[in-house]
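Step one of this worksheet: look at the structure below.
The values are calculated or read from the model by the stated rules, or taken from the named source; none is laboratory data. Since the model is a prediction, treat every value here as computed from it, not as a measurement. We place every Cβ from the backbone using ideal geometry, glycine too, and count neighbours over all the protein chains shown. Ligands, DNA and RNA are excluded from the accessible area calculation, which covers all protein heavy atoms including side chains. Shrake-Rupley method; radii C 1.70, N 1.55, O 1.52, S 1.80 Å.
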Amino acid sequence: PRHKAPRTVKAVPLNLGAVHLGTLTGYRSTPGPLTRSQMAHLLALAEGATAILTTPQGIRDMGSDEPLALHRAIVHQAAGALTVRLGLSVDQALIRLRAYAFTHNRPLQDVAHAVVHHHADLDAPLP
């Protein structure tokens, strides 16, 4: 299925007191303001993201004593880097990361790490 272009973008800050940690951005394909319920959900997501970012030992996964890993954050950081370096859309960057990992038989996290740390732009095999 073809993805629709975003028609509404809403950004909320990730704050811890006076410290600004970043921004959570939500997109949807229909125009117009968010409902109260949608805004409440977005703010709850922002609160959860702030908790994860500011808990050194990690948030515990539901039903487990294991820390909830943020392993996918590096993939999204790498996709963002590729959008800037190669002029790709985020979707194209994610596809390129996954395709590169698959064709070179490398873990996606390793490929993403190499991109984020300027070891690769995916035009050549990783060292």
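Identify all residues within segment 90-125 that are open to solvent by 30 Å² or more (accessible area, probe 1.4 Å) and in contact with a helix residue (DSSP H, G or I) (Cβ under 7 Å, 6 or more places away or on another chain); write none if there are none.
Correct list: V90, R96, R98, P107, L108, Q109, H113, V116, D121.
Between a first residue in segment 94-110 that is without any contact (Cβ under 8 Å) to a residue 12 or more places away in the chain and a second residue that is open to solvent by 50 Å² or more (accessible area, probe 1.4 Å) and in a helix (DSSP H, G or I), which pairs have beta carbons less than 8 Å apart while being 6 or more apart in sequence or on different chains?
So the pair list comes out as R98/L108; A101/L108; A101/D110.
Pick from A18, A81: which is modelled with pLDDT of 75 or more, among the small types (G, A, S) and open to solvent by 60 Å² or more (accessible area, probe 1.4 Å)?
Of the residues listed, the single one that is modelled with pLDDT of 75 or more, among the small types (G, A, S) and open to solvent by 60 Å² or more (accessible area, probe 1.4 Å) is A18.
Of everything in segment 5-33, what is under 27 Å from S89 (Cβ atoms), touching a residue at least 24 places away in the same chain (Cβ under 8 Å) and in contact with a helix residue (DSSP H, G or I) (Cβ under 7 Å, 6 or more places away or on another chain)? Give them in sequence order.
Answer for segment 5-33, where residues must be under 27 Å from S89 (Cβ atoms), touching a residue at least 24 places away in the same chain (Cβ under 8 Å) and in contact with a helix residue (DSSP H, G or I) (Cβ under 7 Å, 6 or more places away or on another chain): K10, V12, L14, L21, L24.
Among the residues of segment 26-53, what is the count of those that are of a type in the set (S, T, Y), open to solvent by 60 Å² or more (accessible area, probe 1.4 Å) and in contact with a strand residue (DSSP E or B) (Cβ under 6 Å, 6 or more places away or on another chain)?
1
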